[in-house]
Every structure is written in C-alpha cells, then in structure tokens.
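Take a look at the structure set out below.
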Amino acid sequence: MEAPAAARGPAEPSGPSSVPSPGAPSPDVAPPGVEITVTSPEQMRELGRRLAKLLRAGDLVMLSGELGAGKTTLTRGLGEGLGVRGAVTSPTFVIARVHPPLGDGPPLVHVDAYRLSGGLDEMEDLDLDVSLSDSVIVVEWGEGKVEELSEDRLRVRIDRAVGDTTDEVRHVTVTGLGERWATADVSVLTG
C-alpha cells in the first residue's frame, strides 16, 4: 500500500554528545529509522494497526510532527490494532486518556504532552488508573519531556508539507531506541 520514502538525511540527535567506545554507536545519534510514505488518513490508520502488532505492555511510543500531521490518526489505528475500548481522540484538553483493553491485551494510554513540563512524576500526577509498565503509552509532543519514562522507546516522526496545502502525503520515520528495539523488525511496517 505504502512505498518506503526516499532517504531523507541523517537521523536527529537524541541527547547529549559523549565520546563512544571504539566500535560502539555514538550515543547522540539515533539508529537509522524505517521510512514510510503515507498518502491518506486511512493509510495512516493502517500504519497504526501494523505498528500495534509490534507493541507490548511497557512500550513507550513518542509521536512528533507538525499540528495536523496525523499523530492522532496514527494513534486511532494503534487503538484499533490493540483492541482497546473507546474512541481514540486527541487528548489535548484532558492531557491523557486511558483506553482499557477489550481482550487480553494492554491498555492504551494516550497522552498529549504539549502542556506538560515532562517527566515521570508529572505523568503519575495525572492519576491514571493504570500502571505505566502494564500499558502501551503513546505520547504526542513528548520529545524532550518524557524520555525518562523509558530508555527503550519508539520514536515516530511524521512530516508533512506545511502552509496552505491539501496535500495528504506524510513521510513517517519510525526509530527504535534502546535494547527493547535493538532486534525488533520495524521493517514490517513498510509492507
């Protein structure tokens, strides 16, 4: 359905720079990500459904991209793929929503961190009725705010044309960080 996007340059830095040991990857550069071109909201939801198959309790997914890029649409697909209850909508005004599972899977916690200053303490202050380690956590606008929740996280960057355009094309880059994602095959998202 979607074709992989053309190479778009080096990965973004993910933290402070330090000198790596010989042969080790530099800690300030994320591993290469999988790039996918999406041309419609339905394809974005389908990408979310495919991504849900890779997720398990305790996973942190950080979504970034311009306003209107498709972060919530992707999360709707995740919710469908995880089989959770309730309509997945933007949590902008409530900050976080918990979607309990309909079956044996984990709950989905959908957070809009735009107004959060960040960190585990603030997440716990939200009084979510779930354990973060027992849930799949999806955080929109989370970069620089919630990384301390887990060294293992999936970073999803959605780029779109900006300005006055009706173009539905999105370029999605999915990058796994940490030991959890070191051997995960995120290339399955391209097919």
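Quick one: length gained pulling Glu66 to Thr92 fully straight, 0.36 nm per residue minus the C-alpha distance? Walk me through the numbers on the way to the answer.
Working: separation 26, 0.36 × 26 = 9.36 nm, distance 1.43 nm.
Difference between extended and current length: 7.9 nm.
Round to the nearest 10 and report in Å² the accessible area of Trp141, as given by a 1.4 Å probe over the protein chains' heavy atoms.
Trp141 has an accessible surface of roughly 80 Å² with all protein chains in place.
What's the center-to-center distance, using Cα atoms, between the stretch 39-83 and the stretch 134-191 in Å?
First find each Cα centre; the distance between them is then 9 Å.
The values are calculated or read from the model by the stated rules, or taken from the named source; none is laboratory data. If you're wondering where the values come from, they're calculated on a predicted model, not measured in any experiment. Accessible surface is based on the protein model in full, side chains and every heavy atom, while ligands, DNA and RNA are left aside. Shrake-Rupley method; radii C 1.70, N 1.55, O 1.52, S 1.80 Å.
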